[in-house]
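Nothing in this text is a laboratory measurement; each read-out follows from the coordinates by a stated rule. Owing to the predicted nature of the structure, the values given are computational and were not obtained by experimental measurement. Don't worry about glycine lacking a Cβ; one is built from the backbone with ideal geometry, like all the others, and counts go over all protein chains shown.
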2 protein chains.
Amino acid sequence: MKIFKFTAISCLLAFTVINGVMPAFTIAGGLIDMGYGSRGGSMVSGLKRSEEPIQPIPISFDDDRPKIELGKKLFFEPRLSKSGWISCNSCHNLSTGGADNLPSSIGHKWLFGPINSPTVLNAKFNLAQFWDGRAKDLKEQAKGPIANPMEMASNHELAVSILQSIPEYMGWFKEVYKDEKITIDNVADAITAFEETLTTPNSRFDLWLRGYDRISQSEQEGYDLFKAKGCINCHNGFGVGGNSFQKFGIAKPYDKDTQTLGRCNVTKNEKDKYVFKVPLLKNIELTAPYFHDASTWSLSEAVNIMAEYQLGVTLSRDETNKIVAFLKTLTGDQPSIIFPILPPSTANTQKPDRN
Amino acid sequence: MKIFKFTAISCLLAFTVINGVMPAFTIAGGLIDMGYGSRGGSMVSGLKRSEEPIQPIPISFDDDRPKIELGKKLFFEPRLSKSGWISCNSCHNLSTGGADNLPSSIGHKWLFGPINSPTVLNAKFNLAQFWDGRAKDLKEQAKGPIANPMEMASNHELAVSILQSIPEYMGWFKEVYKDEKITIDNVADAITAFEETLTTPNSRFDLWLRGYDRISQSEQEGYDLFKAKGCINCHNGFGVGGNSFQKFGIAKPYDKDTQTLGRCNVTKNEKDKYVFKVPLLKNIELTAPYFHDASTWSLSEAVNIMAEYQLGVTLSRDETNKIVAFLKTLTGDQPSIIFPILPPSTANTQKPDRN
């Protein structure tokens, strides 16, 4: 997986020059965080940025490259769908923020899903997956769309049998899982390993958190407002969200979508009606339209809706603009992916079915 | 565009070690052809492989990287379609041999095209584009699917206006074309520049042509049969095809598809009925199903159909197997593409329309 070597090299370079004379931005671009525990100390005296309620995304190194490479192939594998045309990447497009920028995803036979597709970027920071949290982790999530008739419209047996009919996949699964037999659990496990690499470190705000002056005065004022108004109560941590479930309509009942029940579908508890997983705000600039119901394409409007329905406040235009300016500092380095080459089908491979 | 640097480096390495002790296959993988004129001399004495009617795909260096990089973004750009979901890569998937491995492509609203999508790999070696040759070159071809209601279902004005609404695209077009105004001609020109890089050098057969012993005895016998039986008359040159139009059904009228008229649609000449561009056979192993009508998924069957309908001969099973074995030596290095990151839409960008 060449891209990892590339990253490793650039990181080594960053180490080499970190006390040198290279421009600060270049150095910052190569900054390394050795793990979740190390948030990097402030390099600007007087500020305790390491104590902020938002943390920079750690740059991690995963050594299980065969598994990640297999997972990448599976993520882009259209034969996991009944039509042989839809892959994970169709709805979680890594070219466009890990989402499809549609109100809801287009699936098999051009059916539309009921809810906006969340980004796969940084999804490992979510406490659970899907808007209603019905999958406890990425591995459980990955199995869902393959068998959903409105999405990839295949089933687990068919998906596995297609992979099993292709000698290259048999070899890769055997290498990674020490087993001749491909299982849907291992398919999901490999996809998860790849998805866990899809983080977006080095946003300007993350660099600011690490002590570099990478945000403007009004962006910083936007962050101050984000905290002062209460947005931070739900949107915090590595992903600036993703770590709690909250009711949509705390301050005022949300009236734009009363059909989507949210977490109540999972818990069957009336108090979880209209409760959703708080979405990640990292890279939020890239993933319009917004909210589970895609009710707005405008980040400004989304901020105002949140203020009105969640916090019960009205923001001035200047306040909204500053919060939006802050949110745009949360866009990080997008994953650099070498597009995988997939092995051909064989005479034993089930043919795609577009119907 | 990191990938080009990568290629250049590996080529330099190949030069360095070409007289050294590295395994022959590694050396061969980095072989360089400086242009169409230079086919490489035979390094195995006694053979004049450079005079064979098939030529190895040249490894070319294109220095217009900003244009190629822009073209790559456009090739993967779903906003060129009405739905915001279908890109050039949807049907010419660079993960799967530059084609979609479907009988015919799925387009807007899940409509099916009338004919099998040809591969984009090595398409620059075609004398014209589309099965009926109705586009004289890649640039003309690229405009077609954008506006085809059964494919991307957009129109040129809309596609251009969407790009024009995104500042990053405006900047890239200005850099490449020295013009503030984006035009559909320039969109197609950039896509073409990218597509021209999508060649697949270093197939085992190409290496054999260059003098390396990279094919087995039976594969070579397959090539001898390919010439002796007459396949070579139409399938020759860099792409092993693509350089002439021929009637499907020379020796025997083709009776499996009498609806698709082929080149006759372009020339309005009765004698061009059932005449099609001869498809490229480079990478043929990767692009099932076969023929304009996708009438078979089996390469063996495809060879037998060609023998029967084009040459009027019946091949023994052994002969078919050997020809298929030869055809599988034509799979070259697939393009190594860093998946592009696309810029976000703005408030002025026309919203996708799935209907």
Check: So for the range B:202-330, Kirkwood radius off the Cα pairs, Stokes-Einstein at 20 °C and 1.002 mPa s: how many µm² s⁻¹?
Finding: 141
Item checked: Calculated log₁₀ intensity ratio I(q)/I(0) where the Debye formula runs over C-alpha points of the range A:65-195, q = 0.16, 0.17, 0.18 Å⁻¹ -> -0.76, -0.86, -0.96
Notebook entry, point to check: Excluding same-chain residues fewer than 8 positions from B:Lys322, which lysines have a Cα within less than 17 Å of its Cα?
Noted result: B:Lys227, B:Lys229, B:Lys282
Notebook entry, point to check: Please state the relative contact order of the range A:242-355 as a whole percent: Cα pairs under 8 Å, 6+ residues apart?
Noted result: 25
Notebook entry, point to check: Taking other Cβ within 10 Å of each residue's Cβ, how do A:Met170, B:Met152 sort, fewest first?
Noted result: A:Met170, B:Met152
Check: Considering only the label points, 7 Å along Cα→Cβ from Cα, what distances in nm to one decimal separate B:Asp333 from the same position in each other copy, shortest first?
Finding: 2.6
Check: Where a ≥ b ≥ c are the square roots of the eigenvalues of the C-alpha gyration tensor, would you call the range B:128-195 rounded, which needs a/c under 1.5, or, failing that, prolate if a/b is larger than b/c, or oblate?
Finding: oblate
Next item on the list: Check cross-link reach from A:Lys328 to the aspartates and glutamates: straight Cα distance under 20 Å, and skip same-chain residues fewer than eight apart.
Entry: A:Glu52, A:Asp100, A:Asp206, A:Asp213, A:Glu219, A:Glu221, A:Asp224, A:Glu285, A:Glu301, A:Asp318, A:Glu319, B:Glu168
Notebook entry, point to check: Looking at chain A, do any whole DSSP H helices span at least 24 angstrom along their long axis by alpha carbon and average 0.5 or above on Kyte-Doolittle, and which?
Noted result: none
Item checked: Relative contact order of chain A, pairs being alpha-carbon contacts under 8 Å that are 6 or more residues apart, as % -> 22
Margin query: Just to be sure I understand: of the beta bridges DSSP finds with both ends in chain B, what percent are antiparallel, rounded to 5?
Written below: 75
Next item on the list: Would you mind counting up the charge near B:Asp132? Only other residues with Cβ under 10 Å from its Cβ, with Lys and Arg at +1 and Asp and Glu at -1.
Entry: +2
Notebook entry, point to check: Along its principal axes, what span do the Cα atoms of the range B:117-261 show, with the longest given first and each in whole Å?
Noted result: 57, 43, 18
Checklist line | For B:Ser161, inter-copy label distances in nm, listed shortest first [label point 7 Å out on the Cα-Cβ vector] | finding: 4.9
Margin query: List the pairs from B:Lys139/B:Lys174; A:Lys139/A:Lys181; A:Lys136/A:Lys252; A:Lys73/A:Lys124 whose alpha-carbon separation is above 22 Å, in the order I gave them.
Written below: A:Lys136/A:Lys252
Margin query: As I understand it, the dipole of the protein assembly as shown uses +1 on the Cβ of Lys and Arg and -1 on the Cβ of Asp and Glu, about the Cα centre. Which of A:Ser244, A:Ser87, B:Ala147 lies farthest toward its positive end?
Written below: B:Ala147
Note to self: How high is the relative contact order of the range A:65-195? Use alpha-carbon pairs under 8 Å, at least six apart in sequence, and give a whole percent.
What the structure shows: 30
Next item on the list: Take B:Asp100, B:Asp185, A:Asp206, A:Asp272 and order them by how many other Cβ atoms sit within 10 Å, fewest up front.
Entry: B:Asp185, A:Asp272, B:Asp100, A:Asp206
Next item on the list: For n ≥ 4 DSSP H runs only, could you compute -39500 (n - 2.57) per run for chain B, divide by its residues and tell me the 222 nm figure to the nearest 500?
Entry: -9500 deg cm²/dmol
Checklist line | For A:Pro53, label point 7 Å along C-beta direction: distances to other copies, nm | finding: 7.6
Next item on the list: Taking a cut-off of 16 Å between Cα atoms, list the lysines near B:Lys82, but don't count ones fewer than 8 places away on the same chain.
Entry: B:Lys109, B:Lys143, B:Lys351
Check: Counting other C-beta atoms within 10 Å, which of B:Leu80, A:Leu138 has the fewest, and how do the rest follow?
Finding: A:Leu138, B:Leu80
Check: For the protein assembly as shown, what is Rg from Cα atoms divided by 2.2 N^0.38 Å, rounded to two decimals?
Finding: 1.02
Note to self: Just to be sure I understand the curve: with the Debye formula and one point per C-alpha of chain A, what is log10 I(q)/I(0) at q = 0.09, 0.10, 0.14 Å⁻¹?
What the structure shows: -0.54, -0.66, -1.20
Next item on the list: Just report the Cα centroid separation between the range B:98-136 and the range A:198-224, whole Å.
Entry: 46
Check: What residue of chain B sits with its beta carbon nearest the rotation axis taking B to A, and at what distance in whole Å?
Finding: B:Trp110, 2
Item checked: Among beta bridges that DSSP assigns inside the protein assembly as shown, antiparallel share in %, nearest 5 -> 75
